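I have placed the structure first, in the form of structure tokens, so that the comments after it can refer back to it.
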Amino acid sequence: MDLKQANKELEELENDYEYYLQEKEQILSLVSVSAVQPKDIIVKGGKRIDRYTKYVELEEEKQINATLDYIHQRKENLLNWINKELKIMLKYGEVEATIIQLKENKLIKDKNTGKYRNMTWEEIAKEVHWSKSFCRNVYRQYKRKRDI
């Protein structure tokens, strides 16, 4: 996993977390003060629905709290990994960290096709003012140390 994949997964987890929070709010609206009305509600067949029982059934069915806890733990784990990875990158120095960051995360718009693509070694070399071969060697050493 690299930083780009980690950031993407972190965004997906945040999106899922927001989704389940909204689901929980919808279920809580069944038992909130505004949901309880003083008059009886008659539904099809003349049966009355106990809103609290319905709330407990829905909450158990969806297991929202367990899912929210799991997503929160995954996010914390991923953030810890990203922080440790960035500390490792600091060991390489400013230029080396810039080379790694540009190679893994920076996308530029291609002039010919108009699509986004990763930077080439020539473009990275121009940006950090080092040779193309030096940039490739720095990145190769970084990948070698990270891929065990």
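Overview of results
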read-out	value
Under 16 Å from the Cα of Lys8 - aspartates and glutamates, other chains or at least 8 residues apart	Asp16, Glu18, Glu76, Glu85, Glu104
J(HN,Hα) series, the stretch 13-24, from Karplus relation 6.51 cos²θ - 1.76 cosθ + 1.60, nearest Hz, glycine and proline x	5, 5, 5, 4, 4, 4, 4, 6, 5, 5, 4, 5
Backbone HN-Hα couplings from phi across the stretch 97-111 [Karplus 6.51/-1.76/1.60, Hz, Gly and Pro as x]	5, 5, 4, 5, 4, 5, 5, 8, 10, 7, 10, 10, 8, 6, 5
His129, His72, reordered so the largest accessible area comes first (probe 1.4 Å)	His129, His72
Three-way shape call for the stretch 73-148 based on the alpha-carbon gyration tensor, with the a/c threshold at 1.5	oblate
Cα-based reach from Lys109 at 14 Å (exclusive), listing aspartates and glutamates while leaving out same-chain residues under 8 positions away	Glu123
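The values are calculated or read from the model by the stated rules, or taken from the named source; none is laboratory data. In this text, all values refer to a predicted model and were calculated from it rather than measured experimentally. When the accessible area is computed, the model is the full protein with side chains, heavy atoms only, and any ligands, DNA or RNA have been set aside. Shrake-Rupley method; radii C 1.70, N 1.55, O 1.52, S 1.80 Å.
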